[in-house]
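Peer 1: Have a look at this one before I ask anything.
The values are calculated or read from the model by the stated rules, or taken from the named source; none is laboratory data. None of these values were measured; they are calculated from a predicted model. Note: ideal-geometry Cβ built from the backbone for every residue, glycine included; neighbour counts use all protein chains shown.
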Amino acid sequence: MTGLPVEGDEYFSFEDVNMEFLDESPTYTVCSWQGEPSYDTALVDERRNADATWYYPHPSPAASRHLPAGSGSGGGAGDPVGRSGR
């Protein structure tokens, strides 16, 4: 599976993410052009990868031209988002 690259990160459809491996994170940040991301902590083999994934529930108008609706990105160890389906 290949994601849509935006500024060096790949964004994947939520339909391609196994959400059972993610817990909502309280982390709060602001991106000057994309907006306010929401973060999730990945749970892999009983290990927590804090803020391993992020998405923009309400991207800025400029970012919404680049980010597909219902998509998020991830980073960290291995396959933090468990991309085997929702």
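Peer 1: Suppose we filter 82, 76 for residues that are modelled with pLDDT under 85, in contact with a helix residue (DSSP H, G or I) (Cβ under 6 Å, 6 or more places away or on another chain) and on the phi > 0 side of the Ramachandran plot; which single one remains?
Peer 2: After applying the criteria, what remains is 82.
Peer 1: Can you pull out every residue in region 32-61 that is hydrophobic (A, V, I, L, M, F, W, C), at pLDDT 85 or above and within 18 Å of residue 7 (Cβ to Cβ)?
Peer 2: Across region 32-61, the qualifying residues are 52, 54.
Peer 1: All but one of (1) free of Cβ contacts under 8 Å to residues at least 12 places away in the same chain; (2) surrounded by 14 or more Cβ atoms within 10 Å (Cβ to Cβ) hold for residue 10; which doesn't?
Peer 2: (1)
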